[in-house]
1. Roughly to the nearest percent, how much of the accessible area of segment 1-118 is carbon and sulfur, given a 1.4 Å probe?
2. Suppose we keep just the DSSP beta bridges with both residues in the chain; what percent of those would be antiparallel, to 5?
3. Rolling a 1.4 angstrom probe over the protein heavy atoms, how many square angstrom per residue are accessible across the chain?
4. Could you tell me, in Å, what Rg and Dmax come out for the Cα atoms of segment 1-46?
Amino acid sequence: QVQLVESGGGLVQPGGSLRLSCAASGRFFSINAMGWYRQAPGKQRESVATITSLGTTNYADSVKGRFTISRDNAKNTVYLQMNSLKPEDTAVYYCNSEIRASWDTRAAGYWGQGTQVTVSS
């Protein structure tokens with residue numbers, strides 16, 4: 001059974017930094033794209049940043065220049081370095097990975113349990 005386990009959320013003051021991690025565990029063949037999404041109270045879940053298996057990245061306009069997504073394929077882990085945090089970054093952050101269970105199956109999307117990020121003075 002594939003699991004995504006997130007860590008690194010918390011409370012930080014405006015202008016501060018946090019680093020989120022998400023590790024995939026269990027039995028699977030390969031991981032394609034990985035990404036981070038967030039959902040603020042009363043709002044829809046939105047894409048924050050994604051990274052392909054080859055390292056191509058994409059960011060939401062609201063986080064460009066402040067957030068950096070990276071991955072360690074040997075550890076099946078994706079990271080999100082968040083700098084210059086703003087109150088509007090407050091949300092539950094979820095990681096998502098497109099994972100192939102075996103060589104002859106298509107990739108399916110898996111979600112982590114979510115980690116709370118609160119930016120407040």
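The values are calculated or read from the model by the stated rules, or taken from the named source; none is laboratory data. These numbers were taken from a predicted model, which means no experiment stands behind them. Quick note on the areas: whole protein, heavy atoms, side chains included, nothing else; ligands and nucleic acids left out. Shrake-Rupley method; radii C 1.70, N 1.55, O 1.52, S 1.80 Å.
1. The nonpolar share, carbon plus sulfur, comes to 47 percent.
2. Restricted to the chain, the bridges split so that about 95 percent are antiparallel.
3. 56 Å²
4. For segment 1-46, the Cα radius of gyration and maximum Cα-Cα distance read 13.9, 40 Å.
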